[in-house]
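Some notes on the structure that comes next.
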Amino acid sequence: MQFATIARVLGVLLMLFSLTLLVPISVSIWFSDQNYMTFLFSFVISFVAGLAIWLPVRGRKDELRTRDGFLITALFWFVLGMFGALPLYFSMGLDLSVTDAIFESMSGLTTTGATVLSGLDALPPSILYYRHQLQWFGGIGIIVIAVAILPMLGVGGMQLYRAEAPGPVKDNKLTPRITETAKALFLIYLVFTVVCILTYKILGMSWFDALGHGFSTVANGGFSSHDDSMHYFQSNSILVACSIFMLVAGANFALHFLAWQERNPMHYLRDAEFRFYSGWILAGTVVTVGYLYASRTYGMSDSLVLGFFNLASTLTTAGFASDFNQWPSFLPYMLFLLAFLGGCASSTGGGMKMIRVLLLYKQGVREIHRLIHPNAVIPIKVGKRTVQNRVVEAVWGFFAMYVVMYIAMFLLLLMTGLDLPTSFSAVGASITNLGPGMGDVAANYGGISNPAKWILCFGMLLGRLEVFTLLVLFTPMFWRR
């Protein structure tokens with residue numbers, strides 16, 4: 001294990017992260033909310049800590065191995081989540097405990113969107129902006145790590161986009177160099193964000209709200225600067241625009257890159273995962289809108305807008321606060337379960353990812369066919385390409401551990417005293433990075449115990465790092481020389 005090189009990388013990352021704390025200082029000064037010293041103090045602590053980690057090992061440039069990559073990836077989220085909590089803990093007017101500050105920070109960076117805060121409309125603008133900024137940087141971090149780093153480790157959604165599977169990525173990278181890949185993806189992410197912000201402004205938001213909600217929408221995070229979330233604006237146009245941008249951000253950014261680079265939108269139609277994703281969007285919207293209208297919950301216009309918005313918000317795991325928990329019959333549970341499907345691989349969406357769900361379905365169909373023809377050789381194909389059995393085995397392994405960890409955290413939450421619906425939905429909302437749950441966590445997570453919050457923080461990291469990347473650190477084999 002190259003601990004010195006790992007420390008050097010983490011030190012640099014922490015110093016870079018500390019520089020992002022300078023932006024909320026400007027916001028605080030602009031709005032005169034008296035929180036600029038909070039961010040300045042947090043900046044100094046974070047920068048000095050990063051410098052202290054980096055200085056002793058600044059000359060070490062050993063080649064990183066696979067296990068080093070696992071550790072760096074996991075520590076990247078954990079360390080930044082810890083230091084990201086500093087402004088929230090020290091902020092004037094919040095009075096958060098250490099646990100609550102870390103929970104809010106981890107929720108932001110992993111784009112989960114679960115919050116312990118209430119009374120958002122009265123909070124300092126700099127804090128509201130900072131929460132949006134955490135999600136925006138978390139969103140681009142997810143994409144870059146998923147496309148440029150995790151495939152080299154043999155884990156993550158983009159492992160499925162090797163030569164065995166169809167899609168825009170074959171040799172684990174979009175361009176010859178990882179740095180070029182990261183730059184290309186960041187440019188697409190930035191363009192989507194700017195277009196989203198301008199759209200919100202044109203539709204009636206203030207610049208502050210447009211900026212913050214643009215960050216949260218493209219990151220599929222779900223944080224808002226208002227307790228009523230997107231419903232605060234009382235605009236169907238804003239809800240529809242938000243829905244579209246959430247769904248765009250829930251698609252594979254590597255696919256966006258290829259379509260942009262070659263100026264050919266037909267790449268979307270040729271991609272099996274995108275077609276599968278689109279099918280779920282269409283089916284979910286039809287069922288949600290149809291039932292809302294048939295049950296006379298809303299008229300046709302509101303059924304269309306609110307049904308589409310809530311479907312997009314849960315399927316992409318953006319999790320903007322809404323009233324779907326009060327909807328009739330099966331709809332709340334259907335929408336909640338759709339979050340487990342999530343977005344596409346290498347998107348800002350959470351969940352298990354559409355490509356995995358598609359392969360699980362195809363493997364199930366193959367087993368049924370084998371019952372009829374035991375000796376038949378039945379390959380699994382995604383598009384026109386055959387998927388190797390090793391990839392299918394990896395997906396089944398992922399699904400098995402996903403279920404095991406869900407059950408384990410569910411039982412642990414029950415042990416903390418939470419009721420059945422709250423425990424079930426809180427774990428699901430954390431491991432899928434959805435955010436809002438049901439029961440006692442429908443509005444926010446402020447009322448649950450500290451042990452429950454730490455369990456859910458682990459769930460957020462587990463879902464964002466796609467299970468294996470985090471669990472491998474807890475195996476004795478990982479630490480053997």
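Residue 30 - would you say it is farther than 24 Å from residue 432 by Cα and either in contact with a Pro (Cβ under 7 Å, 6 or more places away or on another chain) or not small (Gly, Ala, Ser) (or both)?
Against the criterion (farther than 24 Å from residue 432 by Cα and either in contact with a Pro (Cβ under 7 Å, 6 or more places away or on another chain) or not small (Gly, Ala, Ser) (or both)), residue 30 qualifies.
Which of the residues that make up the stretch 194-231 are within 17 Å of the chain's Cα centre (by Cα) and small (Gly, Ala, Ser)?
Matches in the stretch 194-231: 212, 214, 216, 219, 221, 222, 224.
Quick one: how many residues across the stretch 178-208 are within 23 Å of residue 311 (Cβ to Cβ) and in a helix (DSSP H, G or I)?
6
Report yes if some residue within the stretch 386-400 is of a type in the set (S, T, N, Q), assigned to a loop (DSSP other than H, G, I, E, B) and surrounded by 15 or more Cβ atoms within 10 Å (Cβ to Cβ); otherwise report no. Walk me through it before giving the result.
Initially, the stretch 386-400 is screened for residues of a type in the set (S, T, N, Q), giving 386, 388-389.
Then keep just the ones that are assigned to a loop (DSSP other than H, G, I, E, B); that gives 388.
Subsequent filtering for residues that are surrounded by 15 or more Cβ atoms within 10 Å (Cβ to Cβ) retains 388.
Yes, the stretch 386-400 contains at least one residue that is of a type in the set (S, T, N, Q), assigned to a loop (DSSP other than H, G, I, E, B) and surrounded by 15 or more Cβ atoms within 10 Å (Cβ to Cβ).
Among the residues of the stretch 369-384, is any among the charged types (D, E, K, R), in contact with a Pro (Cβ under 8 Å, 6 or more places away or on another chain) and either surrounded by fewer than 17 Cβ atoms within 10 Å (Cβ to Cβ) or under 18 Å from residue 271 (Cβ atoms) (or both)?
Yes, there is a match, as at least one residue in the stretch 369-384 is among the charged types (D, E, K, R), in contact with a Pro (Cβ under 8 Å, 6 or more places away or on another chain) and either surrounded by fewer than 17 Cβ atoms within 10 Å (Cβ to Cβ) or under 18 Å from residue 271 (Cβ atoms) (or both).
For residue 297, all conditions in the list (1) more than 24 Å from residue 425 (Cβ to Cβ); (2) of a type in the set (Ser, Thr, Tyr); (3) over 23 Å from the mean Cα position of the chain (by Cα) hold save one; what is the number of the exception?
Evaluating residue 297 over (1) more than 24 Å from residue 425 (Cβ to Cβ); (2) of a type in the set (Ser, Thr, Tyr); (3) over 23 Å from the mean Cα position of the chain (by Cα) leaves (1) as the failure.
If I ask for residues that are closer than 30 Å to residue 459 by Cβ and exposed (fewer than 14 other Cβ atoms within 10 Å of the Cβ), which ones from the stretch 47-67 would you list?
65, 66
Might you check whether a residue that is part of a loop (DSSP other than H, G, I, E, B), over 25 Å from residue 218 (Cβ atoms) and of a type in the set (A, V, I, L, M) occurs anywhere in the stretch 59-81?
yes
Conditions (1) over 30 Å from residue 115 (Cα atoms); (2) surrounded by 16 or more Cβ atoms within 10 Å (Cβ to Cβ); (3) more than 21 Å from the chain's Cα centre (by Cα); (4) not acidic (Asp, Glu), marked per residue:
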{"position": "348", "(1), (2), (3), (4)": "no, yes, no, yes"}
{"position": "351", "(1), (2), (3), (4)": "no, yes, no, yes"}
{"position": "404", "(1), (2), (3), (4)": "no, no, no, yes"}
{"position": "408", "(1), (2), (3), (4)": "no, no, yes, yes"}
{"position": "440", "(1), (2), (3), (4)": "no, yes, yes, no"}
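In this structure, is residue 309 over 16 Å from residue 243 (Cβ atoms), surrounded by 21 or more Cβ atoms within 10 Å (Cβ to Cβ) and within 20 Å of the chain's Cα centre (by Cα)?
No.
Can you tell me which of (1) without any contact (Cβ under 8 Å) to a residue 24 or more places away in the chain; (2) among the aliphatic types (A, V, I, L, M); (3) part of a helix (DSSP H, G or I); (4) farther than 18 Å from residue 26 by Cα is the one residue 55 doesn't meet?
If we test residue 55 against (1) without any contact (Cβ under 8 Å) to a residue 24 or more places away in the chain; (2) among the aliphatic types (A, V, I, L, M); (3) part of a helix (DSSP H, G or I); (4) farther than 18 Å from residue 26 by Cα, just (1) comes out false.
Counting only residues that are out of contact with any strand residue (DSSP E or B) (no Cβ under 6 Å at 6 or more places or on another chain) and of a type in the set (A, V, I, L, M), give me the helices (runs of 4 or more DSSP H) lying completely in the stretch 434-481 with at least 3 of them.
Of the helices (runs of 4 or more DSSP H) lying wholly inside the stretch 434-481, those with at least 3 residues that are out of contact with any strand residue (DSSP E or B) (no Cβ under 6 Å at 6 or more places or on another chain) and of a type in the set (A, V, I, L, M) span 450-464.
Going by what's in this entry, would residue 448 be described as buried (at least 22 other Cβ atoms within 10 Å of the Cβ), within 15 Å of the chain's Cα centre (by Cα) and under 21 Å from residue 108 (Cα atoms)?
On the way: buried (at least 22 other Cβ atoms within 10 Å of the Cβ): yes; within 15 Å of the chain's Cα centre (by Cα): no; under 21 Å from residue 108 (Cα atoms): yes.
It is false that residue 448 is buried (at least 22 other Cβ atoms within 10 Å of the Cβ), within 15 Å of the chain's Cα centre (by Cα) and under 21 Å from residue 108 (Cα atoms).
Considering 78, 70, which residue is closer than 24 Å to residue 115 by Cα and surrounded by 14 or more Cβ atoms within 10 Å (Cβ to Cβ)?
When all the criteria are applied, what remains is 78.
What about residue 100, is it modelled with pLDDT of 95 or more and among the acidic types (Asp, Glu)?
The answer is yes for residue 100.
In the stretch 305-320, what residues are in contact with a helix residue (DSSP H, G or I) (Cβ under 8 Å, 6 or more places away or on another chain) and within 26 Å of residue 466 (Cβ to Cβ)?
Matches in the stretch 305-320: 310, 311, 312, 313, 314, 315, 316, 318, 319, 320.
So, in the stretch 232-267, how many residues would count as being part of a helix (DSSP H, G or I), within 24 Å of the chain's Cα centre (by Cα) and either surrounded by fewer than 18 Cβ atoms within 10 Å (Cβ to Cβ) or hydrophobic (A, V, I, L, M, F, W, C) (or both)?
Matching residues across the stretch 232-267 total 18.
Counting only residues that are at pLDDT below 90, of a type outside the set (Ser, Thr, Tyr) and farther than 18 Å from residue 125 by Cα, how many does the stretch 25-72 have?
15
Of all residues in the stretch 86-142, count the ones that are within 14 Å of the chain's Cα centre (by Cα), surrounded by fewer than 22 Cβ atoms within 10 Å (Cβ to Cβ) and hydroxyl-bearing (Ser, Thr, Tyr).
Total satisfying the criteria: 0.
The values are calculated or read from the model by the stated rules, or taken from the named source; none is laboratory data. Please read all numbers here as calculations on a predicted model, not as lab measurements. Backbone-built Cβ (ideal geometry, glycine too); neighbour counts: all protein chains shown.
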